[in-house]
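Colleague: This is the structure, below, for whatever I ask next.
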Amino acid sequence: MKKVGIIMGSDSDLPIMEKAVNVLKELEIPYEVHIYSAHRTPVEARDFAVNARANGFGAIIAAAGMAAHLAGAVAANTTLPVIGIPCKSSVLDGMDALLSTVQMPTGIPVATVAINGGANAALLAAEIIAVSDEDLQKKLDAKRAKDAAAVLEKDRTVAERL
Ligand code: RP5
């Protein structure tokens, strides 16, 4: 199975990325985690992106806060799908990272999830890998059904209590 690359601009982004890691673990998707910064370690970030397809990756999740250029910088150096997570890490409540991540110029797409949306980023990466992996498609369908059942259970509990 193709791997998912998880990269983040700083170890201060780790709590958000752990949500992504947990989803990939649950779905038994292989992954690698790295701290690469578009600004502090631009050479390493570029090298990762340039070599990602040859290194067995099928999708890349890139998370950064503040002037969040990591996802865009990675997308500029690969035609693998890149999913951007804007991280809430500054006085602007993540709006700075959201706009920096989502407003990509035509030709270099980044699929941007919600601010701090680590779990959805991993689910989207899984859906991308599952396009050519029937077993993973089944796991995603089962997870969707399990998550829906959990919500319906909460519905029953609330209806009984109130
Ligand atoms: C970004 O700046 C990182 O992705 C992080 O969200 C933010 C702050 O980084 P630190 O100063 O905490 O390392 O590049």
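Colleague: Averaged per residue, what accessible area in Å² does the chain show with a 1.4 Å probe, protein chains only? All intermediate terms of the calculation are to be shown ahead of the outcome.
Modeller: On the way: 8900 Å² over 162 residues.
Accessible area per residue: 55 Å².
Colleague: Using only the heavy atoms of the protein chains and a 1.4 Å probe, how would I35, I85 rank by accessible area, largest first?
Modeller: Numbers: I35 90, I85 0 Å².
Ranked from most to least accessible, the order is I35, I85.
Colleague: Within 10 Å, count the other beta carbons around each residue, average over each peptide in 115-123, 64-72, 96-104, 19-27, and list them highest first. Don't skip to the answer; put the middle values down first.
Modeller: Details: 115-123: 22.1, 64-72: 25.1, 96-104: 20.1, 19-27: 18.0.
Packing proxy ranking, top to bottom: 64-72, 115-123, 96-104, 19-27.
Colleague: Mind checking the log10 I(q)/I(0) for region 104-143 at q = 0.28, 0.29 Å⁻¹? Debye, one equal scatterer per Cα, no solvent, two decimals.
Modeller: So the normalised log intensities work out to -0.92, -0.94.
Colleague: With a 1.4 Å probe and all protein chains left in place, how much of the accessible area of the chain comes from carbon and sulfur atoms, in whole percent?
Modeller: On the way: 5010 of 8900 Å².
Carbon and sulfur atoms account for 56 percent of the accessible area of the chain.
Colleague: Evaluate the chain: find the radius of gyration of its Cα atoms, find its Kirkwood radius, and give the ratio Rg to Rh. Let's see the in-between values first.
Modeller: Numbers: Rg = 16.7 Å, Rh = 16.2 Å.
Ratio of gyration radius to Kirkwood radius: 1.03.
Colleague: To the nearest 500 deg cm²/dmol, what mean residue ellipticity at 222 nm is calculated for the chain from DSSP H runs of n ≥ 4 alone, each contributing -39,500 (n - 2.57), summed and divided by the residues? List each step's numbers first, then the result.
Modeller: Values: 6 runs with 78 residues, N = 162.
That comes out to -15500 deg cm²/dmol.
Colleague: Another question about this same structure. What is the gain in length, in nm to one decimal, between E134 and E18 on full extension, counting 0.36 nm per residue of separation less the C-alpha to C-alpha distance?
Modeller: Details: separation 116, 0.36 × 116 = 41.76 nm, distance 2.59 nm.
Taking 0.36 nm per residue and subtracting the Cα distance, the gain is 39.2 nm.
Colleague: Counting pairs of alpha carbon atoms under 8 Å apart in space and at least six apart in sequence, what relative contact order in percent does region 3-133 give?
Modeller: On the way: 270 pairs, mean separation 35.4, N = 131.
Relative contact order comes out at 27 percent.
Colleague: Of E160, E127, which has the most accessible area and how do the rest follow, probe 1.4 Å? Walk me through the intermediate numbers first.
Modeller: Details: E160 155, E127 80 Å².
Result of the area sort, largest leading: E160, E127.
The values are calculated or read from the model by the stated rules, or taken from the named source; none is laboratory data. Every value quoted in this text rests on a predicted model; they were computed, and no experiment measured them. No Cβ is skipped: glycine too gets one built from the backbone with ideal geometry, and neighbour counts run over all protein chains shown. Surface areas here come from the heavy atoms of the whole protein model, side chains and all, with no ligands, DNA or RNA. Shrake-Rupley method; radii C 1.70, N 1.55, O 1.52, S 1.80 Å.
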